[in-house]
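Data first, discussion second: the structure below is written as structure tokens.
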Amino acid sequence: MQPNMAYDRAITVFSPDGRLFQVEYAREAVKRGTTTVGLKFRDGVVLIVDKRITSRLVEPTSIEKIFKLDDHIGCATSGLVADARSLVDRARLESQINRITYDEPIGISQLVKKICDFKQSYTQYGGVRPFGTALLVAGVDENVPHLFETDPSGALMEYKASSVGSGRNQAMEVFEEKFKDGMGQEDAVLLGLQALYKATDGKLNADAIEVGVVSTKENFRKLSPDEVRKFVDRVVGGK
């Protein structure tokens, strides 16, 4: 038996060198997932996902990877989508509990911490496994845009621009080079698509792209297929 074999079975426990193999496996599930990007612009946040449609027989609209959590919050996922749906339901419930209890929308960081606390609890009990998904959570509260990245371990971090999934490294290279504070919404969408374009080796399919936007001027919404196609054509055409 290999030295670490006993530490990656049904129960999440520390190995002798201080590693949690179940959490590391969950992170691998995220790394194999579709590329997801998010970035702030002047007064909001944009989320973009490549749904990676593998067959022309699949109905693109049946694959959902961007979700509305509340009027002012949305999220995008990479990894196991079924796990993500469970977390989305939990986030929506927490948002509604806050509205009923305090008669006000929940704060972005408050909601993200609640979800990450929930994710972390699945790393320390026997008989459960960590969620194999990472979420990019975007929202606006008190007229300030926020973008958080969550990890299967329950860790969280706020970014100006970030990416999760198989093309993270390539997308982050684009953001490191081209991201600027104070961009407009249109420029942010185009930059996000440029990052996806590089991460997918130039294989952008408008039918497989999902875009969500939230700002101080409008609630979270997904762009229509026609809106997405126009942006994709500009990126692919080099305009």
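The values are calculated or read from the model by the stated rules, or taken from the named source; none is laboratory data. Source: prediction; values computed, not measured. All Cβ positions, even for glycine, are placed from backbone atoms using ideal geometry, and neighbour counts span all protein chains on display.
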Out of LEU69, LEU87, LEU111, LEU156, I need the residue that is under 21 Å from MET172 (Cα atoms) and surrounded by 15 or more Cβ atoms within 10 Å (Cβ to Cβ). Which one? LEU156
Qualifying position, being modelled with pLDDT under 95, in contact with a Gly (Cβ under 7 Å, 6 or more places away or on another chain) and within 30 Å of VAL13 (Cβ to Cβ), among SER121, SER166: SER166
Of the residues that sit in segment 62-82 and are more than 23 Å from ILE97 (Cβ to Cβ) and either among the charged types (D, E, K, R) or part of a loop (DSSP other than H, G, I, E, B) (or both), which one is modelled with the lowest pLDDT? ILE63
Would you be able to say whether some residue in segment 226-239 is touching a Phe, Trp or Tyr at 6+ places or on another chain (Cβ under 9 Å), over 18 Å from GLY38 (Cα atoms) and either assigned to a helix (DSSP H, G or I) or of a type in the set (Asp, Glu) (or both)? yes
Right, ILE11: at pLDDT below 90 and either crowded, with 16+ Cβ neighbours inside 10 Å or more than 25 Å from the chain's Cα centre (by Cα) (or both) or not? yes
Counting only residues in segment 9-61 that are small (Gly, Ala, Ser), part of a loop (DSSP other than H, G, I, E, B) and touching a residue at least 24 places away in the same chain (Cβ under 8 Å), the one nearest to GLY79 (Cα to Cα) is identified as GLY33
